[in-house]
Amino acid sequence: MTNTINETLPTPAALARRVASWMTDLACARQDRFAIALSGGSTPRLLYQTLAAEPYLDRFPWQRVHWFWGDERFVAHSDPDSNYRMTAEAMLSLVPVLHAQIHPIPTVGITAEEAADTYQSELRAFYGADFLNPTHNLFDIVLLGLGEDGHTASLFPGSPVLEERNRWTAATDKGGQTRITLTYPALESCANAAFLVSGTSKREILARVRKGDENLPAARFQPMGDLHFFTDSDAAGCAG
Ligand code: 6PG
């Protein structure tokens, strides 16, 4: 049974500071390497910018953290739609991390299926096994967004990828755009998962996810560890 923790902050900036602080505390509490899966979308950009600035720039244990992505559009890393590009611009190009700590989803010179296979191999090599063990999580933190249709990562309503329980990654199409996504079993293999949800446009879908509407991919996500909902008061529909 997933342990769910809800926190509502008054503004998007307060939300970004709270999540930056939460991530920093979790990473500092561990002595060895720490793995984070990042989300794309507009909400986390402010979080990434916040982490890359003081006081987090100095406090966060950048040398021990490995960065992965929960999903990616199948475009060049220089493309404005690239989640890697957004994260690099907002955070990773501004902080003391080595190339070997950054694990972008490959998108160039291969097919989408090959990209999914390559990323699955990279995740398995990092994890040290080809099968997920419930006593050993792939990620320490998985950050997730929530789309207005209830999607998270690139797990969209009605997609066959929602039924995938063996593969860790998959290629998927949404509105004519190819994406690579981690599957439920890979995303769920984490000590902490956090949805970051901001803005009135998310209020209705957030309420449905919290009620556990099984038609929504975000509501079907059941991490091994704790599930946090970090929301601003516009999304939560109440004063923060
Ligand atoms: C992406 C992610 C997607 C995103 C949500 C929320 O767009 O890269 O696939 O899951 O996190 O759509 O996006 P916003 O934060 O922009 O609302």
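The values are calculated or read from the model by the stated rules, or taken from the named source; none is laboratory data. No experiment lies behind these values; they were computed from the predicted model shown. All Cβ positions, even for glycine, are placed from backbone atoms using ideal geometry, and neighbour counts span all protein chains on display.
Here is how the numbers come out for the structure above:
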quantity: Unmet criterion (only one of (1) part of a strand (DSSP E or B); (2) within 15 Å of the ligand (Cβ to nearest atom)) for ASN192; calculated: (2)
quantity: In region 34-57, the residues that are within 12 Å of the ligand (Cβ to nearest atom) and either within 11 Å of the chain's Cα centre (by Cα) or β-branched (Val, Ile, Thr) (or both); calculated: ALA37, LEU38, SER39, GLY40, GLY41, THR43, PRO44
quantity: Near pairs, Cβ below 8 angstrom, 6+ apart or cross-chain, from region 34-51 (at negative phi) to any residue that is near the ligand (Cβ under 6 Å from one of its atoms) and not in a strand (DSSP E or B); calculated: LEU38/ASN83; SER39/ASN83; SER39/GLY145; SER39/ALA153; GLY40/ASN83; GLY40/GLY145; THR43/GLY145; PRO44/GLY145
quantity: The lone exception for ARG17 - which of (1) basic (Lys, Arg); (2) in contact with an Asp or Glu (Cβ under 9 Å, 6 or more places away or on another chain); (3) more than 15 Å from the ligand (Cβ to nearest atom) it fails; calculated: (2)
quantity: Residue tally, condition assigned to a loop (DSSP other than H, G, I, E, B), within 14 Å of the ligand (Cβ to nearest atom) and touching a strand residue (DSSP E or B) at 6+ places or on another chain (Cβ under 7 Å), over region 152-173; calculated: 4
quantity: Helices (runs of 4 or more DSSP H) wholly inside region 1-100 that include at least 1 residues being modelled with pLDDT under 95 and touching a strand residue (DSSP E or B) at 6+ places or on another chain (Cβ under 9 Å); calculated: 43-51
quantity: Every residue from region 101-121 that is outside any strand (DSSP E or B) and of a type in the set (A, V, I, L, M); calculated: ILE105, VAL108, ILE110, ALA112, ALA115, ALA116
quantity: Any hit, region 202-215, residues being within 27 Å of ALA125 (Cα to Cα), within 14 Å of the ligand (Cβ to nearest atom) and buried (at least 21 other Cβ atoms within 10 Å of the Cβ); calculated: no
quantity: Candidates ASP140, ASP149, ASP130 - the one that is of a type outside the set (Gly, Ala, Ser), closer than 27 Å to GLU7 by Cβ and assigned to a loop (DSSP other than H, G, I, E, B); calculated: ASP149
quantity: Enumeration of residues in region 174-189 that are more than 13 Å from the ligand (Cβ to nearest atom) and assigned to a strand (DSSP E or B); calculated: none
